[in-house]
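Every number in this text was worked out from the coordinates using simple rules, so none of it is lab data. Computed from a predicted model, the values in this text were never measured in an experiment. Every residue, glycine among them, receives a Cβ derived from its backbone with ideal geometry; neighbour counts consider all protein chains shown.
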Amino acid sequence: MPSLSCAPPNPNFVEVTKRFLMAMPIAQHMGFDITDVAPGRFEISQPFRRELSFRDGAFQAGPIGTLADMAAACAGATMLPDGWAASTIDYTLKLLAPAVGEKLVARGRVVRSGRTLTVAAADVFAVRDGKETLCATALTTIRNFETPRPRQ
């Protein structure tokens, strides 16, 4: 996967982006594992849990979409300046194959990073017996915004 040609404006982007994701109650509830962070890239894995399934052994579309959205949005967040955050304003998910396996892996990447809008994508793979199968892909638009500074 090609990397972006520019360095992230925040030298602490890895820790800030991890904190950004894991501060979300949904990320805590689902039990994400952050497995890779780089400029314009973010990878999350989701262990299989029965309550996230369509049927035994198969992930339901909702958790797949959530994982894709989070991976793409966090990929965009890696390129934000200190004191900025991001929020998804639109995403499209295409389910390509049954998501059967012991975990999902979502690999988000920035397509285009801008000051107020970022477009990112994510591919989601079902992992079964160590073999990855592409089960979904998403295209996401993210709104970037400066977070309010505490009053002095």
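Largest first and in whole Å, what are the equivalent-ellipsoid semi-axes of the chain based on the Cα gyration tensor, each being the root of 5 times an eigenvalue?
On the way: eigenvalues 148, 49, 35 Å².
Computed over the chain, the values are 27, 16, 13 Å.
Of GLY76, GLY130, GLY101, which is the most mobile in a GNM of the chain whose springs link Cα atoms less than 10 angstrom apart?
In this elastic network of the chain, the residue with the biggest mean-square fluctuation among GLY76, GLY130, GLY101 is GLY130.
Residues with beta-carbon under 10 Å from that of ALA126, excluding ALA126: net charge, scoring Lys, Arg +1 and Asp, Glu -1?
Value of the local net charge: +1.
Tabulate in residue order the Karplus-calculated ³J(HN,Hα) for segment 12-24, using 6.51 cos²θ - 1.76 cosθ + 1.60 with θ = phi - 60°, rounded to whole Hz; enter x for Gly and Pro.
Whole-Hz 3J(HN,Hα) from phi for segment 12-24: 9, 4, 5, 5, 5, 5, 4, 5, 4, 5, 6, 6, 7.
Using the count of nearby Cβ atoms within 10 Å as a rough guide to exposure, how do LYS131, LYS18 rank from fewest to most? Could the numbers behind the result be given before it?
Numbers: LYS131 9, LYS18 16.
Ordered by Cβ neighbours within 10 Å, fewest first: LYS131, LYS18.
Search the structure for amide H atoms under 5 Å from the amide H of GLY40, placed 1.01 Å from N in the peptide plane, and list their residues when 5 or more places away or on another chain.
Those lying under 5 Å, H to H, from GLY40 are THR78, MET79.
Mind putting a number on the dipole of the chain about its Cα centre? Charges go on the C-beta only, +1 for Lys and Arg and -1 for Asp and Glu, and I need it in Debye to the nearest 20. Can you show the working numbers first?
Working: 17 positive and 14 negative charges, 53 e Å.
That gives a dipole near 260 debye.
Mind sorting LEU67, LEU21, LEU96 by how few other Cβ atoms lie within 10 Å of their own Cβ, fewest first? Provide the component values of the computation, followed by the final result.
Working: LEU67 28, LEU21 20, LEU96 13.
Result, fewest neighbours first: LEU96, LEU21, LEU67.
Which whole-Hz ³J(HN,Hα) couplings does segment 62-70 yield from phi under the Karplus relation 6.51 cos²θ - 1.76 cosθ + 1.60, θ = phi - 60°, glycine and proline marked x?
My calculation for segment 62-70 gives x, x, 4, x, 4, 4, 4, 4, 5 Hz in order.
Once phi is turned into ³J(HN,Hα) by the Karplus curve 6.51 cos²θ - 1.76 cosθ + 1.60 with θ = phi - 60°, what whole-Hz value does each residue of segment 96-103 show in order, with x for glycine and proline?
10, 7, x, 8, 10, x, 7, 6
What is the order of MET70, MET22, MET30, fewest Cβ neighbours within 10 Å to most?
Values: MET70 26, MET22 11, MET30 18.
Going from least to most buried by this count: MET22, MET30, MET70.
Report, to two decimal places, the Cα Rg of segment 1-85 normalised by 2.2 N^0.38 Å (N = number of residues). Walk me through the intermediate numbers first.
Values: Rg = 14.0 Å, N = 85, 2.2 N^0.38 = 11.9 Å.
Segment 1-85 yields a ratio of 1.18.
Taking H placed 1.01 Å from N in the peptide plane, check which residues at least 5 places from GLU132 or on another chain put their amide H under 5 Å from its amide H.
Counting only residues 5 or more places away or on other chains, the set is empty.
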